[in-house]
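Following: one structure in structure tokens, then a few remarks.
The values are calculated or read from the model by the stated rules, or taken from the named source; none is laboratory data. Keep in mind the model is a prediction, meaning the values are calculated, not measured. Here Cβ is always computed from backbone atoms with ideal geometry, including for glycine, and neighbour counts include all displayed protein chains.
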Amino acid sequence: MKQIFSYNFNLKDIHDLDFEALYKYRRRNSLFTCVFTHQKYIYAFRDHLGIAALYYRFIKGKWCFSSNPLDLITQNDTINPLGLRYYLGLGTFKLHPIVKGLNIVPPGAVIKFQPGKSKPQKIYQYIINPTSLPSTVTTGYLVDRLEKIFIKAIERIIVTYQVGLFLSGGIDSGLIAIYLNKLGVKVNAYTSAPWGKLSSEIPFALTSAQIAKVNRHYIDTLDSTNYFTLFNQLFDLYSLPHANTSSLAIANLFKHTPLKRETQVFIGQNCDNLTGSMPMQNWIFSLSFLPKFVKTMTKFKGQHWINDYIGLKTKGFVDHHPFFDRYYLPNKSLNRIQLLTLASQVVTNTQWASESFVQPLLTHNILPANPYWDMDLIEWRLSLPYRYRFSFKPDSLTKLVLDKNLFQHLASRYLPPDQAHRKKVFLSPKTIADKPKIFFTLFHQTLAA
């Protein structure tokens, strides 16, 4: 075997060419790519969720590969209209080729290239496969099991015993900090305060940092009036057109803290998507029970409700994705929550957010790490009985909402009750609403660039 291109992967894990064993047992953390030759063939593959990008193209008589599409694009290329729509709707290049002639290895797929053949062959495709847990299991048992799976997910991605961590005031990153400390890892925490010194993130982040006994804690205030000054940094961090609140916060952290000196940085993103507790996921889940003839009288087109979800998430730019349509929609064993969660994982929220957090770290040769991308954790969470997925919210229109209640129970073992049950993310999307004109301008400047 000879390695051609690789990220966060060791060829010893595929020495026997058993790709099923690779995806099911050997590599369960979703952040890797690899291209290698064996005998006369080339093999290219990508992690389960497609967090790490992998593009390929036939150039001057040979196959070329890269994690950055700009490496494979020329001035004479023609824009792929559908790829442009996916980019505009979802904010990532990883879901559909942006130009004609460019190709993308699908998430969890292995592509084989044969000499003399112009089209490669897909020889393996990993499909996320939740099992089912008995409805008789107790909350206490499930929280204990969650803790074991979560600790294992963290252990398998630690590469150095001093790491950075994007620490918000929520439980997702707070739990990571706590368990890293329990595992003997020194943590340098980086907190973005999106509304300046009065940000509500600060006191909760300070509490998590104190309980987790972090090594150093850097708090960076991000005033929305300074967004324009950060814009030029986005091109250096992302190499591609990019502008959203998370990316601006990360740019500010790189500017004002020693973040760039870290070897590995942990990310707490994906828990809300995984538990279906994003507001739009709750809304679409409730609307999915409406009869088709009712939906045709609304803004929905009466198609599958997953298409409605993708359409709303992309503000109408796209309403489906061929990968999801082929492998998940036809699967009758998947329930509504599982379908909605998987759509978020492989098409919408996770893909957009992962690129926001991962790309700047890759630019600085820092290894990203996220236990919420662990496949054992994802498939276990998908397997939960319905009654452990909901919480009663009296102020909600539907009263019962999808929630990350098991994670909240787990956090209650370490954090104060008001923090354990506080739903918060690294950077609140409210910032967009605060300055709509700024983001409208940034979006057009991005396209122009």
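Brief remarks on what is shown
- Evaluated against (1) of a type outside the set (Phe, Trp, Tyr); (2) modelled with pLDDT under 90; (3) more than 30 Å from ILE250 (Cα to Cα); (4) in contact with a helix residue (DSSP H, G or I) (Cβ under 9 Å, 6 or more places away or on another chain), MET297 falls short on exactly one condition, (4).
- Matching residues in segment 248-284 - criterion: being of a type in the set (Phe, Trp, Tyr) and in contact (Cβ under 8 Å) with a residue 40 or more places away in the chain: PHE254, PHE266
- Some residue of segment 162-169 being surrounded by 21 or more Cβ atoms within 10 Å (Cβ to Cβ), without any contact (Cβ under 8 Å) to a residue 40 or more places away in the chain and farther than 30 Å from PRO385 by Cβ: no
- All strands (runs of 3 or more DSSP E) inside segment 314-408 with 1 or more residues being touching a residue at least 60 places away in the same chain (Cβ under 8 Å), more than 17 Å from the chain's Cα centre (by Cα) and farther than 30 Å from THR263 by Cα: 400-402
- Contact annotation: residue pairs with Cβ atoms under 9 Å, 6 or more positions apart or on different chains, pairing a residue in segment 139-151 that is farther than 21 Å from ALA177 by Cβ with a partner that is in a helix (DSSP H, G or I) and aromatic (Phe, Trp, Tyr), are THR139/TYR388; LEU142/TYR388; ARG145/TRP380.
- Among the residues making up segment 393-407, none is within 9 Å of SER277 (Cβ to Cβ) and of a type in the set (Ser, Thr, Tyr).
- Checklist (1) in contact (Cβ under 8 Å) with a residue 60 or more places away in the chain; (2) part of a loop (DSSP other than H, G, I, E, B) applied to LEU17, failing item: (1)
- Among the residues of segment 93-104, the ones that are within 16 Å of VAL347 (Cβ to Cβ) and of a type outside the set (Lys, Arg) come to 5 in all.
- Of all residues in segment 133-158, those being surrounded by 14 or more Cβ atoms within 10 Å (Cβ to Cβ) and either under 24 Å from the mean Cα position of the chain (by Cα) or closer than 12 Å to PHE407 by Cα (or both) number 14.
- Taking the criterion of being of a type outside the set (Gly, Ala, Ser) and surrounded by fewer than 20 Cβ atoms within 10 Å (Cβ to Cβ), the residues of segment 30-64 that qualify are PHE36, THR37, HIS38, GLN39, LYS40, TYR41, PHE58, ILE59, LYS60, LYS62, TRP63, CYS64.
- Selection within segment 1-37 - β-branched (Val, Ile, Thr) and within 17 Å of PRO368 (Cα to Cα): THR33
- Residue ID - surrounded by the fewest Cβ atoms within 10 Å (Cβ to Cβ), chosen from residues in segment 233-280 that are touching a strand residue (DSSP E or B) at 6+ places or on another chain (Cβ under 7 Å), small (Gly, Ala, Ser) and assigned to a loop (DSSP other than H, G, I, E, B): SER277
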